[in-house]
Structure formats: C-alpha cells, structure tokens
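Accompanying notes for the structure given below.
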Amino acid sequence: MRRPNGVKKEKIFIFDTTLRDGEQSPGASLNPKQKLEIAHQLSILGVDILEAGFPISSAGDFEAVKLIAQEVKGPQICGLARALKKDIDTCWQAIKQAENPRVHTFIATSDIHLGKKLKKTRGQVLEIVKQAVKYAKKYTSNVEYSAEDAVRSDFDYLCQVIKEAIKAGATTINIPDTVGYALPMEFGELIRNLRERVPELEKVTLSVHCHNDLGLAVANSLSAIFNGARQVECTINGLGERAGNAALEEIVMALTTRRDLFNFITNIKTKEIYKTSRLVSSLTGIAVQPNKAIVGANAFAHEAGIHQDGILKSSLTYEIMTPQSVGIPESKLVLGKHSGRHALRERLKDLGCIFTGEELDKIFMRFKELADQKKYVFDEDLLVLVEEETAIRPQFFLLEYLHTTAGRGTVPTATVKIRKEGKIYQEAAYGDGPVDACYRAIDKIIRIKPQLLDYSLRAISAGKDALGEVTVKIGYKKNIVFGRGRSTDIIEASAKAYLDALNKIVALPKRKPPIRERI
C-alpha cells in the first residue's frame, strides 16, 4: 500500500492524555507543580490537545487542571467529565480560563458495562449521552464524546449513540479500545464500518484511544488512521492504566519514518521527544524500559560486532531513523563481549589512541578477556588496557593463580601461584584480611620483605562490575616505588599492584641513588 503522489498531506491531531490517563498508572501520581512542568513541555513538544486531568476526581486534580488552563498556551486544554452535570460543571470551572478549552465527556456503550457497572438500559444510556453533550455545549462548542468500551459494544447500538452525540453537538467522537481487546485489522475495520454507517462522522473529528493490554495499542491506532481516524489519544512513554496506552513517540515516529505509506503530518517537534520522555519518567518515578522503542536506552545502542561494523560503515544498515531526530545526541556503540575489532579500533580512535596490526590484536585480546568478566567495557576501562599493554616495564614476576577465603568467623587465607624465571611457584598464607594474606603468600615466593607504605583502591568505571584500580606504595631499603593493578576483582587488582611494585624493585639499578617514582 503506497500513498498517492501529489496528494496533500492530512493532519493527524495528537491528543495527549499523559496527565490524565497516564497519571492513572500505579505509582505515577503527580502534584500540581509537576503536572504544570510536564504540561509546559508538552506544549513545546507540539501536542494539539492536552488532557490535563479529571477535575472532579480530587481537589488536587482540579487545582492542577485549573493551573494548566491558566498558564499553558498553545494546545487546547481538555478536562475529563463523566456524563453527569456535576462533573461537567466542575470540569468547566477548571478549564474555562484556557485559550481553547475542551470538555471531554464519556459513558460506556458495551452491554458488559451497561449491565455490570452502570445498571442501565441502552435507552437510558442513549438519553444520558444526548443530555450530557447538550449540557456541555452550554459552556463551549468544543465538546468530545467517548463511547467507553466501544470495541465490545453492539455495532448497531454504537452507531446509534454516535449519531445522537453528533446531533447533540459533539465535535469530536472518540472510539476507545478501553481494555485493549482489539486486533489491528479488526479495529481498522470497525473504524471503516463506522464511517460508512454514520456519514455524520465526516463533519466531526473521529478519534481513537487504544490501550495496550495485548501490546497492540500503537498498531491499532495506526490501523485506525489508515481507515479514517484523524485524532489519536496517546501518552508519553505509553503510560496509563494496566499495560498503558498507545505511546505518543511510537505513533509519531511511525508516521514520520514511514512516509511512503502514511500521507499524514503532525505538529510534533520530534527533537523534543527524548527530553519530554526523560521529564515524564523523572517526575512520575516510572523508569523507561531499556528496550523501549524510540526512547529506551537501547533504542540506538549497538553491541553485536556485525551490527557495529555496519553502523560504522553506514548508519542506514541498522537504524531506520537518526537518534538526533528524536533529540538523542548520537548512536551508542556498546562495547561488550559481542563487540568486534572494528568497533574497538574506532572507539580507541575516538579516545585518541590509534592502533593497527599486532598492537591492536593484543589490546583486542585483553579487551575480550575483560568483556567476559564484566557486562560493559567503558572508556576508562579501555584507557587502562591501553596503558597496561603499551607500558614498558619489567615482568620478573607474573601472577598465574590466586585463591582467597575470607568471611566472618573464618581465618583469611590466600593461595598464590607466580611465574618466576620461567618456573611456577606456589605458596599459601593467612593474614588480617584476604589482601594481607595474599601479600604474605607473595612475600614467601619473592623472598624479599618490602614495607607496604600506602594502599588505595578506586573504581575506574561505573556499575557493580566496575574495573577497580589498586595503587600501592612500597619501601625497600632506601627506595620507594609505586605499583598499580586493575581488575574487576579487587583482590586480584591488589595482587597485580603488589607484583608491579616488586617487579620495579627487582629492576632497580645497583649502586644508584634512591629512586622515587611518581604515580
């Protein structure tokens, strides 16, 4: 299915309900100040209609909606109201100071809701719809009616309700998939059939509001657009009741990325998407899952060697949109155990370290060893590898094996194997802690007794599996030397640092003045 060339693009109105339906996510409650901050950002983002809340639900929500209506310019400011005069009155009091206020009233139309929840007949609900819309029209010409649980409603009855709502003055008719029950082809067909059966829909805006219980909210919304819907109700990050709503960022970027199929435009400034997502996540306390489309941490991250190689040659190989288009500065090549030599070389180049041939091969081997020990290899880790691999220093003693035991109620012990002059030596010792025990075992093999003057430990990179760096200061006779060791295991890093210093001691020139090294 291709869009016809030369046909003028139609606009899709973006109705954002993050501050109403999105706030109904468990744990996502916002205070008025926070709602206002998000509302200002939604205005910058370019949403057409901003549903600020459900004014009658609480005094706090009323004040938040009123504050937004007073201060936020640009979008239509909408308040939700049940099909009750009290709700509509309260809604209007909250939104009346907006530049372009909208009353959004609703009542269910499915037999399940009529019988189990409302305890009303179809005739009674039909009359309620007519009276509610007419009542809201006394306040504003901008009235939206939603047929709650429309997907599970009797089709003929749904058509009847929609006709009466339009006749009563509704300018927007919303068809919700309230429980996320529909499949895309089925929902698209419903929208198409409604337009055929109710020709009056051509005179108003046809809207959809899809929930994500089956993970199909965005797909259903796009199917509805194909079949005639021109307003989509959605939320930032897909927040909402239960499994959430259709995600605004996914709908907008689908329309933008697949222009070959969609002959539509929106007012959304896509470069504001990531910023808006971060703000909503921060204020609601609901984290964005890493693999979330468009705004997740992994949306533009690549770890597999084949993918990284392709991205480095052309971003089009594995990215269908640029990260900059949604406000993310750049793609991210995540260095881990699946990464290849090409990605490592390019990252080292970015860090100012250019290697080729045998040098790169050695660093790559060390990189792979480290990547097997920790999930991600950070820039700081790479710089340590480069320093260790390129440093020219004597290697009289090499650590071959290390095992320690320690814990409450046990005596710390260490068993160490060291390669010395081509032979393997092994010793065990106990101490005040695992590091002390390790150093005592090494002293037995080396057969010299240096004085440990200082010991320090720091994390080089982030995370629980961070690479640790140990620095030791050792005095021997009249010489002072420093040693450094790095590992994701701090005991191993401690042993490497101690051996690094001991190697320097052995390499000291004979009959020379004391040598003081700087770290």
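The values are calculated or read from the model by the stated rules, or taken from the named source; none is laboratory data. Quantities reported herein were computed from a predicted structural model and do not represent experimental measurements. When we count neighbours, we look across all protein chains shown, and the Cβ atoms used for this are built from the backbone with ideal geometry, even at glycine.
Taken over the range 347-360, residues that are modelled with pLDDT of 75 or more, assigned to a helix (DSSP H, G or I) and surrounded by 12 or more Cβ atoms within 10 Å (Cβ to Cβ) amount to 3.
Yes or no, residue by residue, for (1) at pLDDT 95 or above; (2) buried (at least 19 other Cβ atoms within 10 Å of the Cβ):
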{"residue": "R230", "(1), (2)": "yes, no"}
{"residue": "A247", "(1), (2)": "yes, yes"}
{"residue": "K269", "(1), (2)": "yes, no"}
{"residue": "H302", "(1), (2)": "no, yes"}
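Looking at Y157, Y145 in this structure, which one is at pLDDT 95 or above, over 39 Å from the mean Cα position of the chain (by Cα) and either closer than 25 Å to T121 by Cα or in the same structural domain as E127 (by TED's automatic domain parsing) (or both)? Give the derivation first.
Details: Y145 fails: over 39 Å from the mean Cα position of the chain (by Cα).
Only one candidate passes the filter, namely Y157.
Scanning the range 460-495 for residues that are assigned to a strand (DSSP E or B) and at pLDDT below 80 returns N479, I480, V481, F482.
Being closer than 20 Å to E249 by Cα and at pLDDT 95 or above is true of A39.
Would it be correct to say that A132 is over 20 Å from C210 (Cβ atoms), among the aliphatic types (A, V, I, L, M) and either at pLDDT below 95 or crowded, with 22+ Cβ neighbours inside 10 Å (or both)? Explain how you work it out, then say what you get.
On the way: over 20 Å from C210 (Cβ atoms): yes; among the aliphatic types (A, V, I, L, M): yes; either at pLDDT below 95 or crowded, with 22+ Cβ neighbours inside 10 Å (or both): yes.
So A132 fits the description; yes.
Residue count for the range 251-281, restricted to those that are more than 15 Å from I328 (Cβ to Cβ) and acidic (D, E): 1. So which residues in the range 188-226 are crowded, with 19+ Cβ neighbours inside 10 Å, touching a residue at least 60 places away in the same chain (Cβ under 8 Å) and among the β-branched types (V, I, T)? Listed by number, the list holds a single entry, I225.
For the range 97-113, filtered to residues that are in contact with a helix residue (DSSP H, G or I) (Cβ under 7 Å, 6 or more places away or on another chain), more than 23 Å from Q160 (Cα to Cα) and not aliphatic (A, V, I, L, M), the residue that is surrounded by the most Cβ atoms within 10 Å (Cβ to Cβ) is P101.
If you go through the range 396-419 one residue at a time, do you hit one that is surrounded by 12 or more Cβ atoms within 10 Å (Cβ to Cβ), touching a His at 6+ places or on another chain (Cβ under 6 Å) and either at pLDDT 80 or above or not acidic (D, E) (or both)?
The answer is yes, given that some residue of the range 396-419 is surrounded by 12 or more Cβ atoms within 10 Å (Cβ to Cβ), touching a His at 6+ places or on another chain (Cβ under 6 Å) and either at pLDDT 80 or above or not acidic (D, E) (or both).
If you take the residues of the range 189-231 that are out of contact with any strand residue (DSSP E or B) (no Cβ under 7 Å at 6 or more places or on another chain) and not in a helix (DSSP H, G or I), which of them is nearest to N142 (Cα to Cα)? By that ranking, first place goes to V198. Pairing each residue of the range 105-129 that is in the same structural domain as S57 (by TED's automatic domain parsing) and farther than 14 Å from C159 by Cα with any residue that is of a type in the set (G, A, S) and in a loop (DSSP other than H, G, I, E, B), provided the two are 6+ apart or on different chains, yields C-beta distances under 7 Å for T105/A83; F106/A83; I107/A83; I128/A83.
For the range 37-48, the count of residues that are of a type outside the set (A, V, I, L, M, F, W, C) and in contact with a Cys (Cβ under 7 Å, 6 or more places away or on another chain) is zero.
Only residues that are buried (at least 16 other Cβ atoms within 10 Å of the Cβ) and closer than 22 Å to Q34 by Cβ: list them for the range 276-294, please.
Of the residues in the range 276-294, the ones buried (at least 16 other Cβ atoms within 10 Å of the Cβ) are 276-281, 283-284, 286, 288, 292, 294.
T276, S277, R278, L279, V280, S281, L283, T284, I286, V288, K292 - these are the residues of the range 276-294 that are buried (at least 16 other Cβ atoms within 10 Å of the Cβ) and closer than 22 Å to Q34 by Cβ.
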